[in-house]
Amino acid sequence: MNLLYNSTRNAEKKVTASEAILKGLADDGGLFVPEYIPKLDVTMEELKSMSYQETAYEVMKQFLTDFTEEELKHCINSAYDSKFDTEVIAPLVKVGDTYHLELFHGATIAFKDMALSILPHLLTTAAKKNHVTKEIVILTATSGDTGKAALAGFADVPGTKIIVFYPKGGVSRIQELQMVTQKGDNTSVVAIHGNFDNAQSGVKEIFEDRDLEKELAEAGYQFSSANSINIGRLVPQIVYYVYAYAKLLENEEITSGEEINVTVPTGNFGNILAAYYAKQMGVPIGKLICASNENKVLFDFFRTGVYDRNREFILTSSPSMDILISSNLERLIYTIAGQDAEKNAELMAQLREKGAYEITTEMREKLEDFAGGFATETECKETICRTYEHTGYVMDTHTAVAASVCAKYRKDSGDGRKCLVASTASPYKFIHSVMTAIDEKYASADEFDLIDELSRISGTEIPKAIEEIRSSEIRHSRECEAGAMKDTVKEILGV
Ligand SMILES: *Cc1c(COP(=O)(O)O)cnc(C)c1O
């Protein structure tokens, strides 16, 4: 059976999976969603013994039904290879009483690699299937991690160009260095004078600009997105929740059918939405715990049913979660509105015009799979420090937000189910915040000295991604105002 996709703002028009991946965003500004969430057609018993790649095939074949087995397996095997520093791709580590699913073993040491290492392959395969002859221009706004992961994924991929916008001053020094040293003739990196939401809105506006689309088409270009709104990012993220459950079962940490909770450090709501889809595919997941930092729009939303972005934007030590508009939430809103595209479009219009919307009581009742929590900067630091002192394990700031929320949830709710924490970045990536959380004496130290120190105190090897930026030259220094992103794109493409 062929699974089709429609926009969250118009349920009438259907497209195939490969068309949805190519377009990224629907013409009406909505996000592509599958008509229904397919069920796994293999048992957990069977999944238990499967490799990451085999699991990926079992999950992705259900969603990307217009890809052949050969195409899909080729994409999977090209993505999940020696770019990852471990054969298991996403290791599970028991830390105290929780299980950390480490999603940071790819090329850029953050969880974005899990999807962005495969997206270029899905996209170029989709282009071939749909007889696209234009050059594909990937436009991406990043709060730090997506940008580098997308650059690494698309660098020198024939038939593509990639332009990444990041907020100047809104990413860590390591993140910035990772991006501005990116190699590849088809890569461009631009620092905007504004925050992540400005960057994201700018990119969305460019996508929705029909005149620009025409102009570019004449010049032989077509846009696509590597942001987590692309269904080609979301689907590969479902895989690791299925895989993690199967491995917990294989390691006899849980019994067959036992429900586990999952805590996800959340920004754009892509990662946790993937966990929600995994649950709907049949993985025994209890609560999906959405962990926010001090930018706690989502926490307030789950508590009150009101999504309100009208508030101060706070720069925290978990910058990849410093987000006030969580794009992927639109897919959940559409679902809890009973797949009512009109209703969803209305709410999204309110978000655009007033910066806020309120869902109905009926919709709120459908949110019972979720629990919201947030961690302050102090709580995040304490979690890193305490965990290190008790177990020797060092986690990054984003993961610490989740670990802190997970512990608070367990205590406050009395819910004793075992908990999986999505560990989204290597501590090496946010070295300064991580090391000062462990000991204030590191506050004035140089980031690169701290890297050696972290290796020493944690007994872990320095990741290749970090070694690389120590010696690479800076190749990108372009900056622009938040309002000038469209002109910058035209300039880069020479149109
Ligand atoms: C992107 C990112 C997040 C947030 O994930 P979403 O899918 O946007 O909710 C959390 N942690 C890290 C390290 C990230 O890079």
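Coordinate-derived values only; no laboratory data. In this text, all values refer to a predicted model and were calculated from it rather than measured experimentally. Note that each Cβ is placed from the backbone with ideal geometry, even for glycine, and that neighbours are counted across all protein chains shown.
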Seminar exercise, completed: Within the range 407-447, the residues that are assigned to a helix (DSSP H, G or I) and under 19 Å from the mean Cα position of the chain (by Cα) are P427, Y428, K429, F430
For this session: Scan the range 98-111 and report the pairs whose first residue is near the ligand (Cβ under 9 Å from one of its atoms) and whose second residue is among the β-branched types (V, I, T), with Cβ atoms within less than 6 Å and a gap of 6+ or a chain change.
Result: L103/T424; F111/T424
For this session: State all residues of the range 343-379 that are of a type in the set (D, E) and either touching a residue at least 24 places away in the same chain (Cβ under 8 Å) or surrounded by 20 or more Cβ atoms within 10 Å (Cβ to Cβ) (or both); if no residue qualifies, say none.
Result: E358, D369, E377, E379
Exercise. Which of the residues belonging to the range 250-276 are among the aliphatic types (A, V, I, L, M) and within 16 Å of the ligand (Cβ to nearest atom)?
Worked result: V262, V264, I272, L273, A274, A275
Seminar exercise, completed: How many residues of the range 387-440 are surrounded by fewer than 24 Cβ atoms within 10 Å (Cβ to Cβ), away from the ligand (no atom under 16 Å from the Cβ) and farther than 19 Å from T263 by Cα? The answer is 9
For this session: Test I238 against the criterion of being buried (at least 24 other Cβ atoms within 10 Å of the Cβ) and either away from the ligand (no atom under 16 Å from the Cβ) or more than 30 Å from T133 (Cα to Cα) (or both), and give yes or no.
Result: yes
Exercise. Looking at I206, is it within 16 Å of the ligand (Cβ to nearest atom) and in contact with a Leu (Cβ under 8 Å, 6 or more places away or on another chain)?
Worked result: no
Exercise. Looking at K247, K279, K287, which one is away from the ligand (no atom under 13 Å from the Cβ) and outside any helix (DSSP H, G or I)?
Worked result: K287
Exercise. Scanning for something among the acidic types (D, E) and on the phi > 0 side of the Ramachandran plot, does the range 331-342 turn up at least one residue?
Worked result: no
For this session: Evaluate the following for Y5: is it free of Cβ contacts under 8 Å to residues at least 40 places away in the same chain and hydroxyl-bearing (S, T, Y)?
Result: no
For this session: Could you figure out which of (1) touching a strand residue (DSSP E or B) at 6+ places or on another chain (Cβ under 6 Å); (2) more than 16 Å from the ligand (Cβ to nearest atom) isn't true of S292?
Result: (2)
